[in-house]
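Undergrad: One structure, pasted below without further comment.
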Amino acid sequence: MLNLLWVSLILGGILIAAWNGRISLVTETLFNSASEAVYVCFDLIGLMALWLGILEVAREAGLVRFLAKLMRPLARLLFPEVPPEHPALGAIIMNLSANVLGLGNAATPFGLKAMEELQKLNPRPDTASDAMCTFLTANTSCVTLIPATIIGVRVAAGSRNPVEIVGATIFATGTAMVLALTADYFWRTFFRSRFWGRK
């Protein structure tokens with residue numbers, strides 16, 4: 001549906017430009033935009049390399065593990081059906097800790113490992129378990145303290161204060177995570193058992 005919308009907008013713009021006799025403006029804009037995109041990408045690559053390097057140093061220094069220790073009580077609350085010393089819980093904590101720091105690349109392997117371990121605990125392998133759904137909810141809506149990608153885009157776009165987005169990002173992602181996990185909790189404990197008779 002979205003692809004159809006984009007195609008109609010592009011074709012509509014070209015047709016209107018042709019109707020007004022300004023088709024050369026479309027061609028000029030296309031080439032200028034393509035050239036600008038290349039410059040933005042190069043700026044972004046440098047900045048992302050810097051941020052990811054800093055975050056990698058933080059990871060090697062033990063910041064992710066420190067966050068993981070802080071998050072263990074929360075993980076036990078969110079995933080009561082996962083045994084305390086099960087590898088799934090460790091992978092979940094590491095995934096969420098990496099996401100909090102904006103280390104998306106580092107978080108992905110932990111996320112895959114968490115799902116693999118949660119599947120071993122799943123009594124119905126053909127259906128996602130409650131723990132799997134909760135983990136997906138937490139992973140997708142995870143609060144982010146350092147939005148490195150957005151900061152990089154803002155720098156590449158010439159922002160005077162690219163890090164001013166940090167406060168808004170923490171508020172938005174924190175709110176999203178609280179709402180998503182609250183919805184997940186109420187779905188599992190109230191709505192599903194009441195309307196579908198499942199526990």
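Undergrad: Would you point out which residue out of THR144, THR137 is assigned to a loop (DSSP other than H, G, I, E, B), among the polar types (S, T, N, Q) and at pLDDT 85 or above? Walk me through it before giving the result.
TA: Numbers: THR137 fails: assigned to a loop (DSSP other than H, G, I, E, B).
None of the others qualify; the one that does is THR144.
Undergrad: Follow-up. Kindly check whether there is at least one residue in the stretch 16-24 that is in a helix (DSSP H, G or I), out of contact with any helix residue (DSSP H, G or I) (no Cβ under 7 Å at 6 or more places or on another chain) and modelled with pLDDT under 70.
TA: Looking through the stretch 16-24, none of the residues is in a helix (DSSP H, G or I), out of contact with any helix residue (DSSP H, G or I) (no Cβ under 7 Å at 6 or more places or on another chain) and modelled with pLDDT under 70.
Undergrad: So, LEU118, is that one in a helix (DSSP H, G or I) and either modelled with pLDDT of 90 or more or among the polar types (S, T, N, Q) (or both) or not?
TA: For LEU118, the condition - in a helix (DSSP H, G or I) and either modelled with pLDDT of 90 or more or among the polar types (S, T, N, Q) (or both) - is met.
Undergrad: Going by what's in this entry, would ARG188 be described as at pLDDT below 85, in a helix (DSSP H, G or I) and within 17 Å of ALA75 (Cα to Cα)?
TA: Here the answer is yes, as ARG188 does meet what is asked.
Undergrad: Follow-up. So for the stretch 77-91 (the condition being under 25 Å from THR175 (Cβ atoms), in a loop (DSSP other than H, G, I, E, B) and not basic (Lys, Arg)), does at least one residue qualify? Give the derivation first.
TA: Restricting attention to the stretch 77-91, the residues satisfying the condition of being under 25 Å from THR175 (Cβ atoms) are 77-80.
Still in the running and in a loop (DSSP other than H, G, I, E, B): 79-80.
In the following step, the residues that additionally are not basic (Lys, Arg) were identified as 79-80.
There is at least one residue in the stretch 77-91 that is under 25 Å from THR175 (Cβ atoms), in a loop (DSSP other than H, G, I, E, B) and not basic (Lys, Arg).
The values are calculated or read from the model by the stated rules, or taken from the named source; none is laboratory data. This one's a predicted model, so the numbers in the text were calculated from it and none came from an experiment. Ideal geometry is used to build each Cβ from the backbone, glycine not excepted, and the neighbour counts take in all protein chains shown.
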